[in-house]
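The values are calculated or read from the model by the stated rules, or taken from the named source; none is laboratory data. Fair warning: this is a prediction, and the values are worked out from it, not measured in the lab. With ideal geometry, Cβ positions are generated from the backbone for all residues, glycine too; neighbour counts draw on all protein chains shown. Calculation scope for accessible area: heavy atoms of the full protein, side chains included, ligands and nucleic acids excluded. Shrake-Rupley method; radii C 1.70, N 1.55, O 1.52, S 1.80 Å.
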Amino acid sequence: MSLVQTLAEFRQTIPASVRIIAVTKTQPIAAIIDAYAAGIRDIGESRIQEALEKQAELADQCPDLTWHLIGRLQTNKARKALELFDWIHSIDSLKLAQTLDRIASENGRPTPQLCLQVKLQADPQKTGWTIAELMADLPALDQLAHIQIRGLMVIPPQASDVTALFAAAKALQTTLQSQSWQRIQLDQLSMGMSNDYKDAIAAGATMIRPGSILFGDRARSGALEMPQ
């Protein structure tokens with residue numbers, strides 16, 4: 001079965017209400033072209049430079065892709081991220097959100113949609129807000145007038161109970177949506193990767209981030225090949 005067929009069949013198993021963010025970090029350009037041919041329009045990347053190179057290669061062949069930053073964003077790369085991405089899923093601190101808001105106010109241009117990365121369990125490998133930290137920072141986040149906060153993003157720790165964690169994420173989203181915010185919208189829930197996307201969808205994910213289940217093992221970093 002070709003990659004285009006594999007991708008098309010995967011799309012058919014996902015509810016129409018769930019957005020598939022095809023994670024293509026370290027995958028070659030050819031894989032993104034195949035994804036596009038299969039109807040995928042949302043691409044997830046983790047690194048600024050890799051996304052920049054791929055976007056330049058694909059501008060003519062895949063003009064209507066939506067680009068999602070799913071990797072950690074350092075504040076010194078915030079300006080470039082605002083230029084390259086339609087969505088940023090990995091907003092992990094008030095400082096980063098404030099930096100993006102300040103830069104967006106200078107640019108005077110539409111800004112990406114943002115998700116707030118939350119840690120529902122202790123995980124030294126991940127950044128993001130604990131629930132208590134998020135609740136404390138939400139009033140300040142709600143004052144940021146130049147960015148669009150649209151939802152929450154969750155990455156489960158390894159060996160965690162993903163069913164319980166995804167249910168907790170959905171419960172947190174529901175709680176926050178019931179509160180009155182001036183600018184924040186929390187209608188999106190970004191969670192679920194290749195090994196747990198079914199659990200995420202069952203819990204209420206609106207966006208999933210599969211990679212290896214679509215493309216197989218990752219290519220070596222930097223392998224940005226054009227199809228022959």
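Calculate, for ALA37 and LYS80, the FRET efficiency according to 1/(1 + (r/R0)^6) with r their C-beta to C-beta distance and R0 30 Å; round to the nearest 0.05.
0.55
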Relative contact order for the stretch 65-222, counting Cα pairs under 8 Å that sit 6 or more residues apart, in percent: 17
Along each of its three principal axes, how wide is the spread of alpha-carbon positions in the chain, in whole angstrom units, largest first? 52, 41, 32
P(r) weight above 12 Å for the stretch 27-75, C-alpha pairs, percent: 62
If you count only protein heavy atoms and use a 1.4 Å probe, how large is the accessible surface of ILE14, to the nearest 10 Å²? 20
Descending semi-axes in Å of the stretch 132-218, equivalent ellipsoid built from Cα gyration tensor: 27, 15, 11
Of all chymotrypsin sites (Phe, Trp or Tyr not before Pro) in the stretch 103-185, which ones are in loop regions per DSSP and have a Cβ with at most 14 other Cβ atoms within 10 Å? TRP181
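Pop out the Kirkwood hydrodynamic radius of the stretch 68-111 from its pairwise C-alpha distances, inverse of mean 1/r, in Å to one decimal.
The answer is 10.4 Å.
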Taking the Cα centre of the chain as origin, work out the dipole magnitude from +1 charges on Lys and Arg Cβ and -1 charges on Asp and Glu Cβ, in debye rounded to 20. 280
Tell me, how many Å apart are the Cα centres for the stretch 1-27 and for the stretch 84-98? 25
